[in-house]
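So the structure is just underneath, and the comments pick up after that.
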Amino acid sequence: MKNLKLLTLFLVPCLFIMYSCGSTKYGKGVAKKVEMPFAEEDYVDNSTYVYSIQSTRGTGSKSAIKAATLAKAKNELSAKVRSQIISSATINQDGEDGADFSESFKATITDNVNKIVESTVLIKSEWLTYGKSISGKEEFEYWGVYRVKNK
């Protein structure tokens, strides 16, 4: 009888440990599908406009969150515009001044991209709130759809 109690005392914790460590369960209903407030298919790049959908989540100043979202959008739009300019330009860089021409062409591209991106327009925006963070500050997420005109 004593051996049966010892065996039970030993087996129960072992079975519990084996059961709980066997696999990780994430729980039903815990994971949520995250959807953007704007449909990407409504803002597809075309020959007239280039679009960027961005978001920033944080606490504190709403204007800082909005500015960070704009900076992300300008960065993406800059890369898209630069790519379009380079892919549409065919340059023959043969000859004596090929290196100088290449450098001036890169500077021209950078200047044009900067001018285009400075004309970024906010098309649509939405604020989401997530309640208070661990530090007790209100947590927000700002979504924005931005575009620039292809020139």
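The values are calculated or read from the model by the stated rules, or taken from the named source; none is laboratory data. Fair warning: this is a prediction, and the values are worked out from it, not measured in the lab. For neighbour counting, all protein chains shown are included, and Cβ atoms are generated from backbone atoms with ideal geometry for every residue, glycine included.
Data overview
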quantity	calculated
Residues (in contact (Cβ under 8 Å) with a residue 40 or more places away in the chain and of a type in the set (Gly, Ala, Ser)) located in segment 44-61	Ser47, Ser52, Ser55, Gly58, Gly60
Single match in Glu35, Glu40 (criterion: at pLDDT below 80, under 17 Å from the mean Cα position of the chain (by Cα) and of a type outside the set (A, V, I, L, M))	Glu35
Only listed residue being among the aliphatic types (A, V, I, L, M), part of a helix (DSSP H, G or I) and either more than 30 Å from Ser135 (Cβ to Cβ) or at pLDDT below 90 (or both), chosen from Leu70, Leu4	Leu4
Subset of segment 43-66 that is small (Gly, Ala, Ser) and either assigned to a loop (DSSP other than H, G, I, E, B) or closer than 18 Å to Val121 by Cβ (or both) - its residue that is modelled with the lowest pLDDT	Gly60
Matching residues, segment 40-58, being surrounded by 14 or more Cβ atoms within 10 Å (Cβ to Cβ) and either in contact with a Gly (Cβ under 9 Å, 6 or more places away or on another chain) or of a type in the set (Ser, Thr, Tyr) (or both)	Tyr43, Tyr49, Tyr51, Ser52, Ile53, Gln54, Ser55, Thr56
